[in-house]
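What follows is a short report on a single structure.
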Amino acid sequence: FNAGYEPIIVDNFSNSERKAILGIEQIIGRYITLYTGDCADKEFMCEVLDRHHHIEGVIHFAAFKAVGESVQHPLKYYKNNVGALLTLLEVMEQYSIKNLVFSSSCTVYGQPDVLPVTEQSPRKAAESPYGHTKQMGEEMLEAVTHAKQAEIRAISLRYFNPIGAHPSALIGELPLGVPNNLVPFITQTAAGIREKLTVFGNDYNTPDGTCVRDYIHVVDLAKAHVKAIGRMLEGKGPSYEVFNIGTGNGNTVLEAIQAFEKVSGKALNYEIGPRRPGDVEKVYAEVSLSEKALGWKAELNLEDAMRDAWKWQQYIQHHE
């Protein structure tokens, strides 16, 4: 809204809650057009688009995203992550919608040989089915935009590790059941909802033995999508592009825990557990292309993200 776009949201709420929409509406001060359904359902998507004839672009992030879960339930991930994109591309073609921003992931790089990774770094064998679905999604977009150069343009944003919440504490990460991601586990442990936090492995070849990640504030991540849509609407760049969306800095899991403890004043109860299948040892981004071509750069740091995540956790508990 702040960038001048009118969003229409499609969500099946399989891993979220409707009250998140209320939080968004409070932030922007107006109602949002919402359709409840699955973007893998072609008939449903056609019904939505029959009501809206001036769609300029689509931002697609309706994917399952937990590395560990994808190892346990690979078919669930292939069906949703690949199937929904396939349906979406068919519908976009049918309704002559030109522009797509795709939520990709740094998992497409597998375990990199050289760090930081650039957009030209080789996409090695994925370490998890989740990572493989993102590789497949990018390959589909490469093929479709090449075959339909005049009709569909796409930008894949390779997210690194999004964390945090909106600074208003009105919206944030709200996993249903046991979280699969680090930060909700940190905040729920600090809040007493979880007894303890497990760090998966401390024998990696990293400064303190725990995995290294490029943690990016979700607000910075959101701004990258606005830049990507704007770039395509202005007709800049080729029909298909990829950009790393990270800070350019790597932090270990223990450093992330320490950052949370610093901003919250809470000591976390954590233990070291075995390595988790599918986890990459270390990955962080080279971001100069995003800065130059997209005009985007991360402005918030790890402590900012942890502070906002903790504000969000406190808000949830006070409003349940």
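Among the residues making up region 46-79, none is in contact (Cβ under 8 Å) with a residue 60 or more places away in the chain, assigned to a helix (DSSP H, G or I) and over 19 Å from F200 (Cβ atoms).
The residues of region 200-233 that are within 16 Å of the chain's Cα centre (by Cα) and either outside any helix (DSSP H, G or I) or surrounded by fewer than 18 Cβ atoms within 10 Å (Cβ to Cβ) (or both), listed by number, are R213, D214, Y215, I216, H217, A222, V226. Inside region 234-261, residues that are under 20 Å from the mean Cα position of the chain (by Cα) and not aromatic (F, W, Y) make up a count of 13.
When the residues of region 82-111 are narrowed to those that are in a loop (DSSP other than H, G, I, E, B) and open to solvent by less than 20 Å² (accessible area, probe 1.4 Å), which ends up farthest from E241 (Cα to Cα)? Among them, the one singled out is G110. Only a single criterion out of (1) open to solvent by less than 30 Å² (accessible area, probe 1.4 Å); (2) closer than 30 Å to T118 by Cα; (3) modelled with pLDDT under 95 is not satisfied by L197, namely (2).
Can you confirm whether T187 is open to solvent by less than 10 Å² (accessible area, probe 1.4 Å) and closer than 25 Å to R276 by Cα? For T187, the condition - open to solvent by less than 10 Å² (accessible area, probe 1.4 Å) and closer than 25 Å to R276 by Cα - is met. If you go through region 245-259 and pick out every residue that is open to solvent by less than 10 Å² (accessible area, probe 1.4 Å) and either among the acidic types (D, E) or touching a Phe, Trp or Tyr at 6+ places or on another chain (Cβ under 7 Å) (or both), you end up with 4. When F44 is tested against (1) at pLDDT 95 or above; (2) open to solvent by 50 Å² or more (accessible area, probe 1.4 Å), just one condition goes unmet, and that condition is (2). Which of the residues that make up region 111-141 are in contact with a Ser or Thr (Cβ under 9 Å, 6 or more places away or on another chain) and acidic (D, E)? Matches in region 111-141: D113, E119, E127, E138.
Residues that are within 15 Å of L157 (Cβ to Cβ) and buried (at least 23 other Cβ atoms within 10 Å of the Cβ) occur in region 298-318; there is at least one.
Of the residues screened, G295 is not one that is of a type in the set (G, A, S) and free of Cβ contacts under 8 Å to residues at least 12 places away in the same chain. Taken over region 10-41, the residue count meeting the criterion of being under 23 Å from K76 (Cα atoms), hydrophobic (A, V, I, L, M, F, W, C) and either at pLDDT below 95 or not in a strand (DSSP E or B) (or both) is 3. When region 266-297 is filtered for residues that are closer than 21 Å to A228 by Cβ and either open to solvent by 70 Å² or more (accessible area, probe 1.4 Å) or touching a His at 6+ places or on another chain (Cβ under 7 Å) (or both), the ones remaining, listed by number, are E291, K292, K297. When you look at L254, is it modelled with pLDDT of 95 or more, farther than 28 Å from P7 by Cα and assigned to a helix (DSSP H, G or I), yes or no? Criteria met by L254.
Among residues of region 264-300 being under 21 Å from V242 (Cα atoms) and of a type in the set (S, T, N, Q), the one that is nearest to the chain's Cα centre (by Cα) is S290. May I ask you to list the residues in region 126-169 that are among the charged types (D, E, K, R), under 19 Å from the mean Cα position of the chain (by Cα), over 20 Å from D279 (Cα atoms) and open to solvent by 20 Å² or more (accessible area, probe 1.4 Å)? Within region 126-169, E139 is the sole residue that qualifies.
Among residues that are closer than 25 Å to W296 by Cα and out of contact with any Phe, Trp or Tyr (no Cβ under 7 Å at 6 or more places or on another chain), V226 is included. Kindly list the number of the only condition in (1) assigned to a loop (DSSP other than H, G, I, E, B); (2) under 30 Å from T145 (Cβ atoms); (3) open to solvent by less than 70 Å² (accessible area, probe 1.4 Å) that fails for K236. It fails just one condition, (3).
One residue alone among V263, V242 is assigned to a strand (DSSP E or B), at pLDDT 95 or above and open to solvent by 20 Å² or more (accessible area, probe 1.4 Å), and that residue is V242.
The values are calculated or read from the model by the stated rules, or taken from the named source; none is laboratory data. These numbers come from a predicted model, not from an experiment. Here the Cβ is made from the backbone with ideal geometry for all residues, glycine too, and neighbour counts use every protein chain on show. All accessible areas refer to the heavy atoms of the entire protein, side chains included, with ligands and DNA or RNA removed. Shrake-Rupley method; radii C 1.70, N 1.55, O 1.52, S 1.80 Å.
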